[in-house]
Amino acid sequence: MKITTVNVNGVRAAYRRGMEQWLAASAPDVLLLQEVRAPQGTAAQHLGEGWHVAESVCQIKGRAGVAVASRVVPLAVRDGAYPDELPVDTGRWLEVDLPLPGRDVPLTVVSAYLHSGEAGTEKMDAKYHHLDRVTERLAQLVADVEAGRRELLVAGDFNVAMTPLDIKNWKPNHNKTAGVLDQEIAYLERWLSTGLVDAVRQLHGPEQGPYTWWSWRGRAFDNNAGWRIDYHFVSPGLAQAATDYAVERAQTNAERFSDHAPMSVTYAL
């Protein structure tokens, strides 16, 4: 099962830039989208036939939005990380239960788009508020994993580079720029301490990268001055099934359909 996550930076814009051609060539079994930034049904319309699409639209027009598309019919769909979300937190967390071949428990996949934040502003307060709520929901999901009630994959744009291996320019950004603050990093470390596994780091090893985001500005893409802020955090059973990964980086800056590259992991399920 090939599961791909990608922040599309607006699904309509991504399709204008060539996402359709990439998707046909890549052919994932499950596709997680973030920053869809479009009304309900737009992602499904663009993806076309053959997909079962669940979408979570942000209450603020033109913001956020996540989706999960699968080739099989979902068993269940849950929208949101917690009840009574703030409008700015909506369209950022979507859970879909998928059948696992030969198993009587589902695979819960979560498409997550966490706040980017801005150091020293109210946007960081909003980010930490949302990260607290996500932490609470993850604890519930991990408890289900430990009880044998589900396997779990939480993937998407987490907007945090965890270590110097995850960003080319660590020193000028560390504890100065949102996404590289120790307080943010501590959340992801806490999630991994519950037993979840960073599947791509497991497969890639303790080497630089692989980056998944490059600024549109300057020559960041050409110079590979990137950040690894897109992840697959998975339950231990799923981590054991992870066999390969790929960051599907465009050949040139002009060929990119988003400022993020799709990141795929293949699981032997």
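The values are calculated or read from the model by the stated rules, or taken from the named source; none is laboratory data. The structure displayed is predicted, hence computed values, not measured ones. Using ideal geometry, Cβ is built from the backbone for each residue, glycine included, and neighbour counts are taken over all protein chains shown. Surface accessibility is based on the protein's heavy atoms, side chains included, excluding ligands, DNA and RNA. Shrake-Rupley method; radii C 1.70, N 1.55, O 1.52, S 1.80 Å.
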Response to the item:
The correct count of residues that are surrounded by fewer than 20 Cβ atoms within 10 Å (Cβ to Cβ) and in a loop (DSSP other than H, G, I, E, B) in segment 2-18 is 3
Discussion item. Among the residues that make up segment 231-242, is at least one of them without any contact (Cβ under 8 Å) to a residue 24 or more places away in the chain and open to solvent by 40 Å² or more (accessible area, probe 1.4 Å)?
Written reply: yes
Response to the item:
Inside segment 87-103, the number of residues satisfying the requirement of being in a loop (DSSP other than H, G, I, E, B), closer than 29 Å to ASN173 by Cβ and of a type outside the set (Lys, Arg) is 2
Response to the item:
Taking first residues from segment 104-132 that are over 20 Å from LEU238 (Cβ atoms) and in a helix (DSSP H, G or I) and second residues anywhere that are open to solvent by 50 Å² or more (accessible area, probe 1.4 Å) and hydrophobic (A, V, I, L, M, F, W, C), the pairs with Cβ under 9 Å that are 6 or more apart or on different chains are ALA126/LEU86; HIS129/LEU86; HIS130/LEU86
Discussion item. Can you report the number of residues in segment 145-161 which are open to solvent by less than 20 Å² (accessible area, probe 1.4 Å), outside any loop (DSSP other than H, G, I, E, B) and among the aliphatic types (A, V, I, L, M)?
Written reply: 4
Worksheet entry | Enumerated helices (runs of 4 or more DSSP H) restricted to segment 162-269, each holding at least 3 residues that are more than 17 Å from the chain's Cα centre (by Cα) and closer than 23 Å to VAL134 by Cα | 182-193
Discussion item. Give all pairs with beta carbons closer than 7 Å in which a residue from segment 179-208 that is farther than 18 Å from LEU165 by Cβ meets a residue that is open to solvent by 30 Å² or more (accessible area, probe 1.4 Å) and not small (Gly, Ala, Ser); count only pairs at least 6 apart in sequence or on separate chains.
Written reply: GLY195/PRO236
Discussion item. I'd like the full set of residues that are in a helix (DSSP H, G or I) and not aliphatic (A, V, I, L, M), limited to segment 37-52.
Written reply: THR42, GLN45, HIS46
Worksheet, complete the sentence: Flagged in segment 53-86 as among the hydrophobic types (A, V, I, L, M, F, W, C) and either buried (at least 16 other Cβ atoms within 10 Å of the Cβ) or part of a strand (DSSP E or B) (or both), in numbering order, are VAL53, ALA54, VAL57, CYS58, ALA64, VAL66, ALA67, VAL68, ALA69, ALA76, VAL77, ALA81
Practice prompt. Only one of these is more than 19 Å from ASP29 (Cα to Cα), of a type outside the set (Lys, Arg), modelled with pLDDT of 95 or more and open to solvent by less than 10 Å² (accessible area, probe 1.4 Å): TRP214, TRP227. Name it.
Written response: TRP214
Item to complete: Go through the residues of segment 27-36 one by one and say whether even a single one is assigned to a loop (DSSP other than H, G, I, E, B), touching a residue at least 60 places away in the same chain (Cβ under 8 Å) and open to solvent by less than 20 Å² (accessible area, probe 1.4 Å).
Response: yes
Worksheet, complete the sentence: Selection from segment 149-181 of residues of a type in the set (A, V, I, L, M, F, W, C) and either touching a helix residue (DSSP H, G or I) at 6+ places or on another chain (Cβ under 7 Å) or under 25 Å from THR108 (Cβ atoms) (or both) yields LEU152, LEU153, VAL154, ALA155, PHE158, VAL160, MET162, ILE167, TRP170, ALA178, VAL180
Worksheet item: Hey, among the residues in segment 87-121 that are farther than 18 Å from ASP157 by Cβ and of a type in the set (Val, Ile, Thr), which one's surrounded by the fewest Cβ atoms within 10 Å (Cβ to Cβ)?
Response: THR121
